Amino acid sequence: MKLRLWLGLGFIFVLWIGCVSPQVHGLPQGQTSGLVPMPASLELRGEDSQGRGFRTGDALKVSWPEHWGMEPMEAWLTHAGLAWLRTRPADADVLWSQTEQPLGPEGYTLTVEDDRIVAEAQDAEGAFRAWTTLRQLMPAVCEQGCPQGFELPAVAIRDSAYLAHRGLLLDCCRHFMASSFIKHMIDALALQKMNVLHWHLTEDQGWRLPIEAYPKLSEVGGFRTEADGTVHGGAYTKQDIADIVSYAAERHVTVVPEVELPGHSRAALAAYPWLGCTGDTLPVPNNWGVFKDVYCAGNDSTMAFLKAVLDETCEMFPSEVIHIGGDEVPKVRWAECPKCQAKMTKLGLATEAELQTHFINEIGAYLARKGRRIIGWDEILEGGLPEDAMVQSWRGMQGAVEATHLGTDAVVSPTSHCYLDYPLRSTDLEEAYSFVPVPKEAMGHEGQIVGGECNMWSEHAPQHLVMSQVFPRATGLAEVFWSGPAVTQKPGAYDAFLGRLDVLSERWGFLGVTPGLEGVPVEVDVQPDIQGHVAITVQPAIRHAGGMVTFTPDSTSPNRQVRRGQVGETLRVSGIGTVAVDVAMRGRKTGVVERFPVAGHLGAHRPLELSYTPSVHYTGGSLQAMADGRRGSSDFRDGAWQAVQGQDMVITLDLGEPKTLEAVQVQCYLYQDAWIFSPSEVRWEVSEDGDAFDALGRSKFEGALEPDARQTVVPFAMEGAGVQARFVRLTLVNAGACPSWHDATTEPSWLFADELVVLGR
């Protein structure tokens, strides 16, 4: 991402809409420049010499229809220290009224005049959205308290929702989260007009849902022993859930529970082994990935168990929709299970995918009799769409498009834009904001895309890290889902959004919302300098970023001098080492340290030829990433790794002229839980003309497919021994399909590499 200039039309627009009357009366000033999501229509009514706009007196007189219920508004006014009185409509300073005028989904109008604030809506939900907008118009300091009152600009707003379903998935299974934190998240969502909390409550690594009929689910399945011997876990009580559901409902947020089936069920199998195909006693896993032990689809008692679980789930959650997962279900156990195979024969099913569809159909039919509808991840389309099921598309948008063509509704949350557990280098705020949730291919069909979600999976995010990963990216998506492309796809829209986000951030400060950064704050540029040396420049990649830069060479570098400078300065270094940036925003340290492993070597920025096309998810930044002077870190998603699935990697590097080689190096990644295996063979070759290559060295690794629990960087190197060569070729041989012991057996494995380093003179 390039640093943005703030002289564009969008920012000028933000400044214009944020104009308010001067603080001539000594009261805190409200403003329109912090409205997120942006309303469909906003008209400033102008100012006169008297400072036109609404100004509180000694007390606010408020009126609203009795049946709407406005408890959050009442609580907020009281918390703000404002004197207020419930009164009849004719006497009200702040009037909520019901209208028969069609305003669109969750629609409302809000008018602020010099003597009165009037909000109109068709129903309580629209009225609450109007209240949310009014709250954002009020001075941010009122979140802490403004007993003296406030002033608001005169404005007319008309607004409604683009998508009906606007949600956040919160995974409380990989890491348990306190009920108070869940409520805090609900408040933050409601402030941005989000209306769904998709609560992920059962998983391989933890069962959080209280089920009286099967108490071991939470007693055993709710806890796991970590690698260091500590125990992590927890479960909610039915009272916890009732409180959260009620709290959310008052804020017009629907809590949609997710009970994963038939896969991602190891915690349940740990509690009740008879639920699986083998009956083996299994621990609750303390690692991540996809496990081949799932609910047995051929065992009638398994279905009876799930129906009992869903009975209690429906009692706890009044939502019309129940999420049943359906994703990442290996069929290995089913293919080996006599009960599953017998069931397939009895039902005339040809494949295990059809067995899954039958399994989910039975669940869907059972819930339909209880007045509920299922939604599942897009894998439920495999083997045929279950009857009346909604589809949540995460593997891109194709699942949603297919669902609409089949006549059912879909919710979109593709990894490309909506996965908030992904690092900023993969999905930053700008990427999230650019999302178009309804593609042309999904328009004009019986089914439709009814909503979007942003997903916060918690494998690598315990509770204290969640808030900064969710925000501000979820805020960008909130505007995408509420305002739609009419706002978000306009020229200059993102810059305008950033301006409003700055104002909203002041309010967050009073509310205890701690957002993270908008994107990767800085980027490193590595350019060739003199032979074997590189010029390293760290540049800001987002607004207001700066900080101190330090280059520390590793033990192999001939020059062990530590070099320091500021963001924007160029450091000339040699050898291999790490650039560390102590990030500052607006001149203040953030505590964030960005690290970039770099390599000054003969091959940096020399021409490459590749035998493969890297995965679009792991390009390393470009096709030249294997010689860009950057090495990969311990995070395989850091943007520096290049990867292929099920293929070998052959890289040929042209040094431009013959060089005397001292050593050649490469790093690969190992993380078998993520299907990333070491190469089975590494070959080094050299050439003077690029046609005839001689072997420099070769290493075979017969144990590449043997179990290895590590997540680590694996270095490979070969001494050059003074060989003269212009061309260097590296071959990394893919280990092959995931082996039989692996939960993804038969699936093609991944091969990751970072930089072809050539040391010499």
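Quick notes on this one:
- Within the stretch 123-157: backbone nitrogen closer than 17 Å to the Ala164 label point (7 Å, Cα to C-beta): 123-126
- Simple label model, 7 Å out from Cα along Cβ direction - Arg637 to Glu506, nm: 3.4 nm
- Net length available on complete extension from Ala249 to Asp300 is 14.7 nm, with 0.36 nm assigned per residue and the Cα-Cα distance removed.
- Spatially proximal aspartates and glutamates relative to Lys589 (Cα-Cα < 16 Å; intrachain offsets below 8 disregarded): Glu518
- Within the stretch 681-761, chymotrypsin sites (Phe, Trp or Tyr not before Pro) in DSSP loop having at most 16 other beta-carbon neighbours inside 10 Å: Trp741
- Panel order for Tyr669, Tyr272, by other beta carbons found within 10 Å of each beta carbon, from fewest to most: Tyr272, Tyr669.
- With contacts taken as Cα pairs under 8 Å at a separation of at least 6 residues, the stretch 603-761 carries a relative contact order of 34 percent.
- A Förster distance of 22 Å, applied to the separation of the beta-carbon atoms of Glu315 and Glu71, puts the FRET efficiency at 0.40.
- Listed by chain and number, the lysines placed with their C-alpha closer than 20 angstrom to that of Lys346 are Lys331; residues fewer than eight positions away on the same chain are left out.
- Of all lysines in the structure, those lying under 29 Å Cα to Cα from Lys659, and not within fewer than 8 positions of it along the same chain, are Lys700.
- Residues whose amide H falls under 5 Å from that of Gly276, counting only those 5 or more places apart or on a different chain, are Cys296, with hydrogens built in the peptide plane.
- Computed E for Asp708/His464 - FRET, C-beta separation, R0 30 angstrom, nearest 0.05: 0.50
- Order of Arg45, Arg606, Arg761 under a 10 Å beta carbon neighbour criterion, fewest first: Arg761, Arg45, Arg606
- Cβ crowding within 10 Å, taken as a proxy for footprinting-reagent exposure, orders Val329, Val36, Val758 from fewest neighbours to most as Val36, Val758, Val329.
- Our coupling estimate for the stretch 580-594, obtained by passing each phi through the Karplus curve with A = 6.51, B = -1.76, C = 1.60 and θ = phi - 60°, is 10, 10, 7, 6, 10, 10, 6, x, 10, 4, 9, x, 8, 10, 9 Hz, Gly and Pro reported as x.
- Pairwise FRET efficiency - Glu609 versus Lys238, Cβ, R0 = 60 Å, nearest 0.05: 0.45
- The stretch between Asp525 and Glu43, if pulled fully straight at 0.36 nm per residue, gains 169.0 nm over its current Cα-Cα span.
- With 24 Å as the limit on Cα-Cα distance, the pairs of Lys292/Lys339; Lys183/Lys490; Lys238/Lys370; Lys238/Lys307 that go past it are Lys183/Lys490.
- Helix 493-511 and the longest principal axis of the Cα set of the chain meet at an angle near 70°.
- Compared with the dominant Cα axis of the chain, that is its longest principal axis, helix 238-250 is turned about 60°.
- A straight chain from Asp388 to Gln561 at 0.36 nm per residue would run longer than the Cα-Cα distance by 55.7 nm.
- Under Karplus coefficients 6.51, -1.76 and 1.60, residue-wise ³J(HN,Hα) of the stretch 27-38 in Hz, glycine/proline x: 9, x, 9, x, 7, 8, 7, x, 7, 9, x, 5
- J(HN,Hα) series, the stretch 430-440, from Karplus relation 6.51 cos²θ - 1.76 cosθ + 1.60, nearest Hz, glycine and proline x: 5, 5, 4, 5, 6, 4, 10, x, 10, x, 4
- The stretch 696-761: relative contact order as a whole-number percent, Cα under 8 Å and 6+ apart: 24 percent
- Rg of the Cα atoms in the chain, relative to 2.2 N^0.38 Å, amounts to 1.06.
- Nearest-ten-degree value, helix 300-316 long axis tilted from longest Cα axis of the chain: 40 degrees
- Percentage relative contact order, the chain, counting C-alpha pairs under 8 Å, at least six apart: 10 percent
Each value in this text was obtained by applying a stated rule to the coordinates, not by laboratory testing. Computed from a prediction, not measured in an experiment: that's the story for all the values here. Every residue, glycine as well, gets a Cβ built from its backbone with ideal geometry; the counts of neighbours run over all protein chains shown.
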